[in-house]
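What follows is a short report on a single structure.
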Amino acid sequence: MNEYQKMLMYLKIMMCNLAILHHNIVGDGWFEAHGEIDRWQGDIADYLDDLIERGIALGYQEPTISEAVLAFQTDVLPADKRSRNESYKIVMECMRSAAGLMQASEPIVPADVQNKLQEIEYYLNKEGNYKLAAALGGMKGRKPEMDYDDD
Ligand SMILES: [Fe+2]
């Protein structure tokens, strides 16, 4: 698997994780968070579909869910009940990881795909580092640049 396929595998896991978070949120802010997580999942589903199809055109076979689970086993979330803030923190980390993996895959793809990846990174950074960070009340002191952390 190359860096692009690795990024696709992570997005597949992220989709499943967003579903788990969407279904298992409890407590204050339920309506807001349930709806927002659904919206992120829908946006990322559309981006993932686009990236998989463009990848196939480049000769990158679509990774299966089994391959994705094997590669990102420790990222698969258990179906625990979670508060709004706990769920939002997890979404924020997922968005940062996804954006980091997208950056890492840019060098191997043509310019048009790089542009698409940058568009999605922009979306992920806006939702994660601005909206989610603001919702969690922790925007102060955060560097504007993305740091990818793969642990
Ligand atoms: Fe739903």
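The values are calculated or read from the model by the stated rules, or taken from the named source; none is laboratory data. Here the structure is a predicted model, which is why all the values come from computation and not from measurement. Neighbour counts are summed over all protein chains in view; Cβ atoms, including those assigned to glycine, are modelled from backbone coordinates with ideal geometry.
Would it be correct to say that GLU106 is over 24 Å from GLY138 (Cα atoms) and either modelled with pLDDT under 95 or surrounded by 14 or more Cβ atoms within 10 Å (Cβ to Cβ) (or both)? For GLU106, the condition - over 24 Å from GLY138 (Cα atoms) and either modelled with pLDDT under 95 or surrounded by 14 or more Cβ atoms within 10 Å (Cβ to Cβ) (or both) - is met. Of everything in the range 18-28 that is at pLDDT 95 or above and surrounded by fewer than 21 Cβ atoms within 10 Å (Cβ to Cβ), the residue that is nearest to ASP80 (Cα to Cα) is ASN24.
Conditions tested, residue by residue: (1) in contact (Cβ under 8 Å) with a residue 60 or more places away in the chain; (2) surrounded by 15 or more Cβ atoms within 10 Å (Cβ to Cβ); (3) away from the ligand (no atom under 16 Å from the Cβ); (4) at positive phi.
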site	(1), (2), (3), (4)
MET7	yes, yes, yes, no
LEU11	yes, yes, yes, no
TRP30	no, no, no, no
HIS34	no, yes, no, no
ILE44	no, yes, no, no
LEU48	no, yes, yes, no
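Hey, any hits in the range 59-67 for a residue that's out of contact with any helix residue (DSSP H, G or I) (no Cβ under 7 Å at 6 or more places or on another chain) and not polar (S, T, N, Q)? Yes.
Considering the conditions (1) over 13 Å from the mean Cα position of the chain (by Cα); (2) under 24 Å from LEU132 (Cα atoms), ALA45 is excluded by exactly one of them, (1).
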